[in-house]
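Below is one structure, written out as structure tokens, with a few remarks after it.
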Amino acid sequence: MNYLKYITIAILIFSVQSCSDFLEQEPGTQTSIDELLQTKQGVLTALKGLYTNVEDNVRGERFAAYADLQGGNLKITPFETTNKGEITIPTAFAKVYSFEDQSDSSEFKMFYDTNYDNINQANLLLEYTPKLTDATEAEKNQIIAEALTIRAYSHFLLSLVYSQNYGFTPDATHLGIVYNTSSIKSGVKYPARETVANTYSLIIKDLKTALENYGSTSGLQGPAYSYFNSNNTKALLARVYLYKKDWQNAYDTANDIITNSGVTLMSSADLIAQWEKPDLPVSEILLEFSTPRDASGTTSSSVAAYFGYTTSPPPLNTITNTGRKYVASNDLLNLYETNDLRKKLFLPLQLSTLIAGNQVPLPYNFTKKYHDNPGYVAFRLSEMYLIRAEAAAENNKPELAMSDINIIRARANASLLTNATNIKENILLERRKELCFEGHLFFDLVRNQKGITRNDGCISNVCSLNYPSPKFILPIPLYNTNLNSNLKQNESY
């Protein structure tokens with residue numbers, strides 16, 4: 001971790017264009033961290049910048065596509081303009097896709113570093129906010145709650161990618177991640193990795209403390225669904241409990257959101273239209289990080305850059321769909337029943353594809369979840385029903401689990417389960433169908449201690465990988481282990 005970065009507030013809000021006049025007190029100078037974080041407005045400016053950084057990190061191609069690509073929901077299109085229909089592995093996943101990432105050139109180094117940057121920024125806010133003299137206690141508590149949640153969320157993301165699942169050892173004493181709870185704006189610290197058990201305890205502690213501090217509204221301007229609040233923080237907590245296999249708390253927390261959040265599921269009649277709306281999230285969203293826009297309302301990038309489509313595909317032999325890299329695999333599509341409404345969320349478009357030296361028009365099924373300029377879907381209500389179902393099944397209440405699955409299936413016009421046989425497998429299958437392209441499949445498989453099987457469209461050197469495997473997690477970048485002698489590398493790297 002390059003701790004020397006934290007010298008000026010430029011690191012806190014390097015992507016917030018509206019702050020340039022505020023930061024530039026005179027040509028060539030910048031406001032220091034100490035100066036900016038002395039006032040409520042300065043703290044809110046930094047918090048807004050932190051959200052921008054979090055959004056950019058999870059919406060970035062590597063993390064946004066990682067779980068679905070590695071798990072087998074996605075296949076790759078002939079997206080390159082220069083290769084005339086040839087299908088090649090995107091640069092972002094040149095090694096990761098084949099489970100061959102290397103510590104000295106890790107393709108996820110920026111993801112690793114940015115998460116710890118964000119954690120440090122959250123810690124700075126947590127240290128300065130209590131000292132504010134121009135903010136009310138309620139305002140300070142709200143900022144503290146959001147910063148704590150971002151700190152927990154960033155650590156959780158790191159744990160998914162860099163530490164084996166909670167049940168990998170019976171007592172979760174295998175290596176977790178470094179958990180930073182204080183800023184590093186001065187000096188250098190060399191912390192060791194926590195166990196996974198301790199990592200999850202610290203995440204849960206942060207989230208519970210955040211929930212004690214939340215008020216009714218964020219101090220930031222913009223869509224309320226784009227900021228952490230008590231409802232979506234509980235959603236994160238429910239997910240953490242699920243991954244920890246704390247079934248009762250997972251059930252209770254998901255049930256609380258379903259019962260008390262005021263958010264309701266989309267209806268069958270509205271399901272397709274909701275997902276097809278440009279720009280706006282679906283009505284059951286709990287948290288969607290909004291895509292940044294300039295003064296004219298234009299976005300520079302969104303997840304549509306990887307998953308989007310055009311309804312006017314280019315003529316054969318003139319591939320111009322650069323950036324639309326990932327589509328649904330038949331491994332996923334074949335799971336849906338004929339009448340399942342969710343099957344209508346895929347649009348087949350023909351693209352010229354190089355087959356045995358000839359360009360042939362082939363159908364590629366693009367998702368409608370990410371057309372136009374959508375935000376990154378972090379949490380929505382459907383997931384809470386599926387968390388509640390899984391927790392009920394694990395608590396030996398299969399009838400309750402079946403009821404929740406059938407709520408989701410009925411909404412999709414899929415056939416209903418009539419008995420609880422293979423209930424756990426049905427829950428995993430329903431999660432795959434309902435939450436596809438939302439970043440769950442690979443992590444769902446691993447936490448259920450299942451292997452990976454990728455058939456349709458797999459162009460990796462490794463299309464199947466049995467559980468357990470050290471390759472289910474990525475290497476910590478070599479730069480970071482060289483800098484911190486206490487930072488132990490993952491097995492096999």
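Where the centre of each part is set by its Cα atoms, how far does segment 136-204 sit from segment 211-240, in angstrom? Using only Cα atoms, the two centres lie 18 Å from each other.
Each 10 Å bin from 0 upward holds the following percent of the Cα-Cα pairs of the chain: 4, 19, 30, 28, 15, 4, 0, 0. The Cα-based radius of gyration of segment 437-481, divided by its Kirkwood radius, gives an Rg/Rh of 1.03. Among residues other than LEU74 with Cβ under 11 Å from its Cβ, the summed charge is 0 (Lys and Arg +1, Asp and Glu -1). Sorted into 10 angstrom bins from 0, the C-alpha pair distances of segment 363-493 split as 10, 29, 31, 22, 7, 1 percent. In the context of the full set of protein chains, segment 192-281 has a per residue accessible area of 43 Å² (1.4 Å probe). With a cut-off of 11 Å on the backbone N, the residues of segment 446-473 near the modelled label site 7 Å out from GLU100 along Cα-Cβ are 460-462.
The mean of 1/r over all pairs of different alpha-carbon atoms in segment 102-149, once inverted, gives a Kirkwood hydrodynamic radius of 12.4 Å.
Given R0 = 25 Å, the distance between the Cβ atoms of LEU335 and ALA269 translates into a calculated FRET efficiency of 0.60. Note on the chain: helix-only mean residue ellipticity at 222 nm, from DSSP H runs of 4+ residues weighted -39500 (n - 2.57) and normalised by residue number, equals -12500 deg cm²/dmol. Excluding ligands, DNA and RNA, the accessible surface per residue across segment 360-493 is 38 Å² with a 1.4 Å probe.
Checking every one of the GluC sites (Glu not before Pro) in segment 343-420 against DSSP loop status and a limit of 13 other Cβ atoms within 10 Å picks out no site at all.
Here the accessible area is traced with a 1.4 Å probe on the protein chains. For segment 398-493, carbon and sulfur cover 49 percent of it.
The three principal axes of the C-alpha atoms in segment 26-164 carry coordinate ranges of 60, 42, 26 Å, sorted with the longest axis first. The slack between ASN419 and SER464, meaning 0.36 nm per residue of separation minus the straight C-alpha distance, is 13.1 nm. For segment 190-236, the Kirkwood hydrodynamic radius comes to 12.5 Å, computed from all pairs of different C-alpha atoms. Starting from the Cα of THR173, step 7 Å toward the Cβ, then list every residue of segment 198-220 with an amide N under 18 Å from that point. Flagged as within label range: 198-201. Is the C-alpha gyration tensor of segment 138-275 telling us rounded, prolate or oblate? Criteria: a/c under 1.5 is rounded; beyond that, a/b larger than b/c is prolate, otherwise oblate. Verdict is oblate for segment 138-275. Compared with the alpha-carbon gap, the fully stretched path from ARG293 to THR217 is longer by 25.1 nm at 0.36 nm per residue. Computed over the alpha-carbon atoms, segment 245-295 gives an Rg to Rh ratio of 1.11, Rh here being the Kirkwood radius from the mean inverse distance.
Given their separation in residues at 0.36 nm each and the Cα-Cα distance between them, LEU483 and THR39 gain 156.4 nm when the chain is fully extended.
Give the residues of segment 365-383 whose amide nitrogen is closer than 20 Å to a point set 7 Å from the Cα of LEU280 in the direction of its Cβ. Label zone hits: 368-382.
The values are calculated or read from the model by the stated rules, or taken from the named source; none is laboratory data. Only a predicted model underlies this, so the values are computations on that prediction, with no experimental measurement involved. Neighbour counts run over all protein chains shown; Cβ positions are idealised from the backbone, glycine included. What goes into the accessible areas is simple: the full protein's heavy atoms, side chains included, and nothing from ligands, DNA or RNA. Shrake-Rupley method; radii C 1.70, N 1.55, O 1.52, S 1.80 Å.
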